[in-house]
Amino acid sequence: MLDAKVLSHKSKPKKHAPPVPETTDTTDDRFGRIGPKIVVFDASTGTGRLVLVGDERVSVQGLSSFATIRATACVYAGRWMYEVQLGTKGIMQIGWCTASCIFSMDTGVGDTAHSYAYDGGRVRKWNVATSPYGQAWLPGDVIGSCIDLDKGVLEFYRNGISMGLAFDKVTHGAGLAYFPAVSLAMQEHLYANFGHVPFVFPVEGYAALQAPPNRECARAALLFKSLDALLDELARPSDMKTSLTARSSKSKSDSSKAAEEEVALRIHSSGSVYSPRASPHAIVDAQNTEVRKMSKKAFLMSLSRLVVVELGTALRLSYVVVAELLPRLRGLIGLRTRSIHTDQHSADFYVKCKDENFVGLAAKLLAQPQPRLCMMLDLLWTFLDESALCDVLEHCVVRECLLFDLVSQDMYFNQQMEGVFVLCGMMQHRETRHHLVKYVFFNKITFDNFLNVKCPDDTVLRTVIRKPWWQRPTSVQGETDPRIAGKHQIDSIPIWLKT
């Protein structure tokens with residue numbers, strides 16, 4: 001039943017992007033691409049000393065004067081892209097290369113004939129020869145590398161903004177396939193995204209090297225829609241409390257009967273947890289009807305269990321967590337998210353707090369202004385395996401940390417404020433708060449990452465302070481030395497007085 005609905009909700013492919021086949025196979029047969037379905041850095045292609053950080057094998061750090069590594073998949077036709085988030089701002093060359101390129105401790109991506117790269121540390125592009133290109137990058141920047149092998153052009157993006165066409169004569173054709181590749185100097189490191197999670201700044205018309213799990217995303221979207229309906233019913237006051245007095249009263253009205261009616265469940269499955277009988281042909285007779293009734297709240301909770309358990313299967317993929325769960329959490333907290341319903345009460349609370357510069361936010365959060373968020377987290381903690389849910393929460397915090405680490409494009413720092421507000425909302429829930437404090441904020445992801453706000457780059461500062469002015473040069477420490485000060489006093493005496 002669910003599979004049939006998923007197939008009917010296939011997302012439309014983007015313009016010019018290669019269609020993604022709806023298959024659960026371990027291969028990716030999209031035209032223009034060669035390689036395994038899961039794309040990571042290929043350790044066997046590494047030149048120089050480097051280390052792959054983490055189990056995902058997409059984070060790399062250089063340990064020699066110059067180290068190069070490429071990915072496990074390549075492309076020969078079509079339009080493709082990948083992203084890297086910079087951990088440092090030094091010398092790195094990010095781009096594409098063919099399998100025939102040979103690198104060394106002195107040469108990297110862009111230093112050979114069939115390799116092309118951009119280096120924001122030196123603000124230059126490389127293809128054997130070098131020339132000025134792009135902007136100086138900063139730690140936390142997201143660099144998008146887009147290659148169009150139908151036209152033979154290559155373009156780079158910094159934080160979603162194009163830096164212009166880098167190369168317009170990329171060699172392509174028979175026998176040439178390009179791998180994503182990076183070269184790093186000593187202690188430089190970056191985190192690559194070949195498509196295992198949604199791009200931070202996707203470019204229209206370009207596809208990820210790793211195909212998105214569209215089927216699982218559609219499944220999760222349907223399950224979240226069902227869960228939203230259940231949350232609506234559970235949030236009604238008549239379903240959250242039961243009046244024993246009203247039950248025993250013979251004169252209760254039809255409206256109170258409807259509010260407190262019980263749902264009779266006929267269970268015919270021998271494996272059901274609700275049925276005391278093992279026979280699949282068990283018949284509920286009139287005398288046993290009262291025994292086999294449950295309250296409306298219990299019935300809704302049993303349905304929620306079925307939905308959440310099925311949802312847990314889809315949330316095993318980090319892509320689904322970032323694409324489907326995290327936007328809904330942000331919507332329940334009150335942040336505007338594209339294509340996701342935003343809780344109006346929570347949205348009004350966020351706008352009010354922002355207008356008041358978040359003064360007294362801690363005291364205001366004690367009143368739990370986002371009850372729907374806490375109810376959803378209650379269901380996840382109740383019906384999901386604890387270890388699986390911990391991984392889900394960690395993926396959410398990692399993504400928020402990535403967005404927080406971006407350099408602000410203005411002086412308002414909206415992205416950073418929203419990231420901290422998301423953490424405040426999640427910390428309202430008791431079990432979630434205990435887990436994040438005990439295992440995440442002071443272990444895997446240090447909390448000080450959310451306290452370090454990067455200064456906007458020069459382009460933003462120039463729009464704010466167009467003509468900086470200083471009253472006079474600042475004093476230096478040497479001027480306080482009495483010998484230097486005495487010499488200045490002697491030099492200031494007129495010559496005719498010295499004689």
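Please work out if Cys390 is over 30 Å from Leu86 (Cβ atoms), at pLDDT 85 or above and in contact with a His (Cβ under 7 Å, 6 or more places away or on another chain). Taking the combined requirement at face value, the residue does not satisfy it. Looking at Gly110, Gly173, Gly121, Gly140, can you tell me which residue is outside the structural domain of Glu394 (by TED's automatic domain parsing) and crowded, with 22+ Cβ neighbours inside 10 Å? Being outside the structural domain of Glu394 (by TED's automatic domain parsing) and crowded, with 22+ Cβ neighbours inside 10 Å holds for just one of Gly110, Gly173, Gly121, Gly140, which is Gly110.
Highlighted here would be helices (runs of 4 or more DSSP H) found entirely within the range 290-360 that include at least 3 residues which are in contact with a strand residue (DSSP E or B) (Cβ under 9 Å, 6 or more places away or on another chain) and of a type in the set (Phe, Trp, Tyr), but there are none.
Counting only residues that are outside any loop (DSSP other than H, G, I, E, B) and polar (S, T, N, Q), the range 385-410 holds 1 of them.
Pairing residues of the range 345-367 that are not assigned by TED's automatic domain parsing to the domain that holds Ile333 with residues that are assigned to a helix (DSSP H, G or I), at Cβ distances under 9 Å and at least 6 apart in sequence or on separate chains, gives no pairs at all. Being in a loop (DSSP other than H, G, I, E, B) and at pLDDT 95 or above is true of Pro198. When Tyr76, Tyr82 are checked against the criterion of being assigned by TED's automatic domain parsing to the domain that holds Gly108, of a type outside the set (D, E, K, R) and surrounded by fewer than 22 Cβ atoms within 10 Å (Cβ to Cβ), Tyr76 stands alone in meeting it.
Taking the numbered list (1) buried (at least 18 other Cβ atoms within 10 Å of the Cβ); (2) under 29 Å from Tyr191 (Cβ atoms) in turn, Arg336 passes all entries but (1).
Every test in (1) in contact (Cβ under 8 Å) with a residue 40 or more places away in the chain; (2) surrounded by fewer than 17 Cβ atoms within 10 Å (Cβ to Cβ) is passed by Gly164 save one, and that test is (1). Within the range 32-55, the set of residues being over 27 Å from Gly175 (Cβ atoms), touching a residue at least 24 places away in the same chain (Cβ under 8 Å) and either polar (S, T, N, Q) or surrounded by fewer than 17 Cβ atoms within 10 Å (Cβ to Cβ) (or both) comprises just one member, Val53.
This table checks each residue for (1) in contact with a Leu (Cβ under 8 Å, 6 or more places away or on another chain); (2) modelled with pLDDT under 80; (3) more than 30 Å from Val53 (Cα to Cα); (4) outside any helix (DSSP H, G or I).
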| residue | (1), (2), (3), (4) |
| --- | --- |
| Val437 | no, no, no, no |
| Val440 | yes, no, no, no |
| Asn449 | no, no, no, no |
| Thr463 | no, no, yes, no |
| Pro468 | no, yes, yes, yes |
| Ile484 | no, yes, yes, no |
| Lys487 | no, yes, yes, no |
| Ile490 | no, yes, yes, no |
| Leu497 | no, yes, yes, no |
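Only one of the listed residues (Arg305, Arg336, Arg316) is within 26 Å of the chain's Cα centre (by Cα), under 30 Å from Ala221 (Cα atoms) and either at pLDDT 90 or above or polar (S, T, N, Q) (or both). That residue is Arg316.
What do you reckon, is Arg372 farther than 15 Å from His429 by Cα, in contact with a helix residue (DSSP H, G or I) (Cβ under 7 Å, 6 or more places away or on another chain), in the same structural domain as Ala347 (by TED's automatic domain parsing) and in contact (Cβ under 8 Å) with a residue 60 or more places away in the chain? No.
Are any of the residues in the range 73-93 β-branched (Val, Ile, Thr), in contact with a Ser or Thr (Cβ under 6 Å, 6 or more places away or on another chain) and farther than 24 Å from Pro212 by Cα? The answer is no, given that none of the residues of the range 73-93 is β-branched (Val, Ile, Thr), in contact with a Ser or Thr (Cβ under 6 Å, 6 or more places away or on another chain) and farther than 24 Å from Pro212 by Cα.
The values are calculated or read from the model by the stated rules, or taken from the named source; none is laboratory data. Treat the numbers as computed from the prediction; the structure is a model and nothing was measured. Note: ideal-geometry Cβ built from the backbone for every residue, glycine included; neighbour counts use all protein chains shown.
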